[in-house]
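First up is the structure itself, then whatever we jot down about it.
The values are calculated or read from the model by the stated rules, or taken from the named source; none is laboratory data. Please read all numbers here as calculations on a predicted model, not as lab measurements. Every residue, glycine among them, receives a Cβ derived from its backbone with ideal geometry; neighbour counts consider all protein chains shown.
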Amino acid sequence: MSTHSVLTDRKLVLTAVILAFLPVVLDMTILHVAVPKLTQSLNASGTEVLWIIDIYPLLMAGLLVPMGTLADRVGNRTLLLLGLIVFGLASAFAAFAQSALMLIAARIFLALGGSMIVPCVLGLIRKTFEDEAERATALGVWGMVGAAGAAVGPLVGGSLLEHFWWGAVFLINVPAILLVAPACYFLLPRREKTTPGKWSVGQSLLLIAGILSLVYSIKTAAAEQHLSITIGLVAAFGVVCLALFARKQLRSPTPMLDLSLLSHPAIIAGLLMSVIVSGALAGVELTLAQEMQYVLGMSPLQAGIFMVPIMVAAAIGSPVAGYLSNRFGLRLVATLSLIVSAAALLFLALKDFHTPGFWVPFALAALGLALSIGLTASSIAIMSSVDASKGGAAGALEATGYELGSGLGITMFGVFMSGVFSHIIKLPASLPTALAQRSARTIGDSYIVAAELPASQGTALVEAAKAAFTKTHAILLTTSAGLIALLAVVVFVTLANYRSFPSDPS
């Protein structure tokens, strides 16, 4: 087979897996601009809204490692096709959910399908592109689609909500899957090298139970504003599950998660970047979408358009990251991307979005560019530090960082916002105690309560909520800037001895 023919085949494989990845990454953020409409339509509480949004990334975080291992056992193509089917069916179920609980259940199945797709995408890229420079370019394309897809999600969601009901943000996945699944069936190689060994359902359940128990305890403690015995027991159960999972991995000759991967400093740095940066990005996008709609009165489409600079810059940043890393080294590129991200967040915290002018869109573009470069740099660090036979496991580990970061980011941002908001908001004195308590939870709850009050009281409550949310959002952006600046220092130190694109370990 000629070199040109082989290159064409590799490009076709990359095209197929990118098409499969796109609906999954869109689903991470497309719901953000739908939150106000969804909250009103389903009469969902602030806690229910948080679960609707982040049950998807959190459950994926628990499933990605097991599914990555399963992909190495049975083959990426088989699991990818099954994942596309599950994802398509779950999307249809979510679109027509009649309650918050039904939508949460649908999001669980979306996570199941997505967790089958993501590690297979990374595993196929790792197995297809053996040349390290080509792999960096391919990962740059993957990163571009991931960053641009996540960024364009609010715009797509806003466009749909301009003409349809909130369920359209899920229903759009169905025709996409109907086109993508046949393409993957025909384009992906039918033969691939697999890893022998058994796949443990018990270990998978331990990981999922541990992650969800810890997150549930955090959410519940924040909502109730105190730590009860029940919440403490749930948190302890989560810690025990995760400890048992880690113990089994260390003792097993064929572990589900090869913890020896964590001996590479580059992988540690990459995971730290993927968790913190993706968490900050998800939280900032969600709170920014709410700021645009609740405070500034924008429509979902207008809110999506407002975030276009992030989308465009993210699309540019990821493919550039591969070139920059080859040219200047991963350490410098990763560190500078984090520093620029922190500066952009701090600038946005100090600006008034009512009068954005030129500099707010510029800062949003700088943020999207820097974060997309940083996320792609983390992918290069992780995927270039493992042998091709462990591509699925490494891909699952990396994707777990992204999903866990997104889920925990939304959780922590939501908890942070709720706590600060409840202390800052100045409620009307005439508001009954029960309504005052609900109004102080989130700005969404304030709007729901305001709709039940007389016009004058409702208006006063909404204005108080807007003022409190704006202050809370500024505090949140400042805190995020500080966290990412600290991460820049950690990454700079951790990658001190990193050699760009090292040979795969034997």
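General observations
- Within the range 425-439, being in a helix (DSSP H, G or I) and of a type in the set (Gly, Ala, Ser) holds for Ala434, Ala436, Ser439.
- Of the candidates Leu281, Leu271, Leu296, the single residue that is crowded, with 19+ Cβ neighbours inside 10 Å, closer than 30 Å to Phe164 by Cα and either in contact with a strand residue (DSSP E or B) (Cβ under 7 Å, 6 or more places away or on another chain) or among the aliphatic types (A, V, I, L, M) (or both) is Leu281.
- Any pair with Cβ under 7 angstrom, 6 or more apart, that starts in the range 316-334 at a residue that is under 19 Å from Leu272 (Cβ atoms) and ends at one that is at pLDDT below 75 and not in a helix (DSSP H, G or I): Ser325/Ser500; Gly329/Ser500; Leu330/Tyr498; Leu330/Ser500; Arg331/Tyr498
Residues are listed down the side, and each one gets a yes or a no for (1) farther than 28 Å from Leu281 by Cα; (2) in the same structural domain as Tyr216 (by TED's automatic domain parsing); (3) not in a helix (DSSP H, G or I):
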{"position": "Val415", "(1), (2), (3)": "no, no, no"}
{"position": "Val420", "(1), (2), (3)": "no, no, no"}
{"position": "His423", "(1), (2), (3)": "no, no, no"}
{"position": "Arg441", "(1), (2), (3)": "no, no, yes"}
{"position": "Ala450", "(1), (2), (3)": "yes, no, no"}
{"position": "Ala468", "(1), (2), (3)": "no, no, no"}
{"position": "Leu477", "(1), (2), (3)": "no, no, no"}
{"position": "Ala481", "(1), (2), (3)": "no, no, no"}
{"position": "Ala485", "(1), (2), (3)": "no, no, no"}
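- Condition check for Leu345: at pLDDT below 80, crowded, with 24+ Cβ neighbours inside 10 Å and not hydroxyl-bearing (Ser, Thr, Tyr): no
- Among residues of the range 436-456 that are touching a residue at least 60 places away in the same chain (Cβ under 8 Å), those with a Cβ under 6 angstrom from a residue that is crowded, with 19+ Cβ neighbours inside 10 Å and of a type in the set (Phe, Trp, Tyr), sequence gap 6+ or separate chain, pair up as Ile443/Tyr294; Ile443/Phe469.
- Which numbered condition Trp166 misses (of (1) buried (at least 24 other Cβ atoms within 10 Å of the Cβ); (2) at pLDDT below 85; (3) part of a helix (DSSP H, G or I)): (3)
- The range 451-480: number of residues that are over 15 Å from Val420 (Cα atoms) and crowded, with 22+ Cβ neighbours inside 10 Å: 1
Each row is one residue, and each column tells you yes or no for (1) hydroxyl-bearing (Ser, Thr, Tyr); (2) under 19 Å from the mean Cα position of the chain (by Cα); (3) within 18 Å of Thr287 (Cβ to Cβ).
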residue: Leu336; (1), (2), (3): no, no, no
residue: His354; (1), (2), (3): no, no, yes
residue: Phe362; (1), (2), (3): no, no, no
residue: Ala370; (1), (2), (3): no, yes, no
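- For the range 298-332, a tally of residues being in a helix (DSSP H, G or I) and under 30 Å from Leu495 (Cβ atoms) returns 23.
- When we screen Gly374, Gly405, Gly329, Gly368 for residues that are in contact with a helix residue (DSSP H, G or I) (Cβ under 6 Å, 6 or more places away or on another chain) and either at pLDDT below 80 or not assigned by TED's automatic domain parsing to the domain that holds Ala464 (or both), the only hit is Gly405.
- All helices (runs of 4 or more DSSP H) inside the range 21-98 with 1 or more residues being of a type outside the set (Phe, Trp, Tyr) and under 20 Å from Val215 (Cβ atoms): 35-42, 46-74
- Taking helices (runs of 4 or more DSSP H) as the structural unit, those lying wholly within the range 185-297 and holding at least 3 residues that are at pLDDT below 75 correspond to 201-224, 265-290.
- Considering (1) buried (at least 16 other Cβ atoms within 10 Å of the Cβ); (2) modelled with pLDDT under 80, the lone condition that Thr433 does not fulfil carries the number (1).
- Among the residues of the range 84-112, the one identified as buried (at least 23 other Cβ atoms within 10 Å of the Cβ), free of Cβ contacts under 8 Å to residues at least 60 places away in the same chain and not hydrophobic (A, V, I, L, M, F, W, C) is Arg107.
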